[in-house]
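Novice: Next up is a structure, given as structure tokens.
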Amino acid sequence: MGVLGDLLRHPDEFVPLVKMALAAKKAAKLPTHPDLAFCYEILNNVSRSFAVVIQQLPNPLRDAICVFYLVLRGLDTVEDDMAIPNDIKLPALLSFHEKIYERGFTMDCGYDHYKRLMEHFGIVVNVFLGLDEQFQLVIADITKRMGAGMAEFIQREVHAVQSS
């Protein structure tokens, strides 16, 4: 019976399912401002599940969390890109929190939607710089901490554990 059978066995899940479907449809609608439209479009591309939840938040929190997610997604894209040598990657991770204040900042890294995010990261920076200072400070602080943690982890030696 598939989906219908599941709904008949769990009728209490029907209303939340409809609400989620409507929320996903609403999430597909982009803001009219071009920079915000890019942020929400790329958010939908790099994280569908978070995108739906983020877009249910009230503004100005919604835009701040969207940018926050994209900044951390950008940081993670740098960390994940194995083509970036560590002598370039480590300083990039440690300074990423400063780069989010530099209009036009981009990086050539990642793949697919993540590459597009990084190629157009200056748009995310524009929206970041338009946020209230309280949001900027939190985003920069967490980005600094995460970048430092990622850099520290990369520098650790990997010790193989023999299986018994």
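Novice: For the stretch 84-156, what does the accessible surface come to per residue with a 1.4 Å probe? Please give it in Å².
Specialist: Here the per-residue accessible area is 57 Å².
Novice: Just read off the accessible area of Met107 with the full protein assembly in place, 1.4 Å probe, to the nearest 10 Å².
Specialist: Surface accessible to solvent at Met107 totals approximately 40 Å².
Novice: Here's another thing I want to ask about it. Using θ = phi - 60° and the Karplus curve 6.51 cos²θ - 1.76 cosθ + 1.60, what whole-Hz ³J(HN,Hα) does each residue of the stretch 129-143 get, with Gly and Pro shown as x?
Specialist: 5, x, 6, 4, 4, 4, 5, 4, 4, 5, 4, 5, 5, 5, 5
Novice: Related question: Would you please classify the overall shape of the stretch 109-159 from the alpha carbon gyration tensor, given that a ≥ b ≥ c denote the square roots of the eigenvalues, rounded means a/c under 1.5, and beyond that prolate means a/b larger than b/c while oblate covers the rest?
Specialist: oblate
Novice: Ok, one more. Three principal axis extents, largest first, for the C-alpha atoms of the stretch 74-164, in Å?
Specialist: Between the extreme Cα coordinates on each principal axis of the stretch 74-164 lie 56, 28, 23 Å.
Novice: Sticking with this one: Please sort by residue number the trypsin sites (Lys or Arg not before Pro) in the stretch 101-164 whose DSSP state is loop and whose Cβ has at most 12 other Cβ atoms within 10 Å.
Specialist: Those satisfying the criteria are Arg103, Arg156.
Novice: Then there's this: So for Asp112, Asp81, Asp132, what's the accessible-area order with a 1.4 Å probe, most first?
Specialist: Asp112, Asp132, Asp81
Novice: Among the GluC sites (Glu not before Pro) within the stretch 50-111, which fall in a DSSP loop and have no more than 14 other Cβ atoms within 10 Å of their own Cβ?
Specialist: In loop regions of the stretch 50-111 (DSSP not H, G, I, E or B), the sparsely surrounded GluC sites (Glu not before Pro) are Glu102.
Novice: Roll a 1.4 Å probe over the protein heavy atoms and report the accessible area of Glu41 in Å², nearest 10.
Specialist: Its accessible surface works out to 70 Å², give or take rounding.
The values are calculated or read from the model by the stated rules, or taken from the named source; none is laboratory data. Predicted, not measured: the structure shown is a model, and the values here were computed from it. Positions of Cβ are backbone-derived with ideal geometry, glycine not excepted, and every protein chain shown enters the neighbour counts. For accessibility, only protein heavy atoms count, side chains too; no ligands or nucleic acids. Shrake-Rupley method; radii C 1.70, N 1.55, O 1.52, S 1.80 Å.
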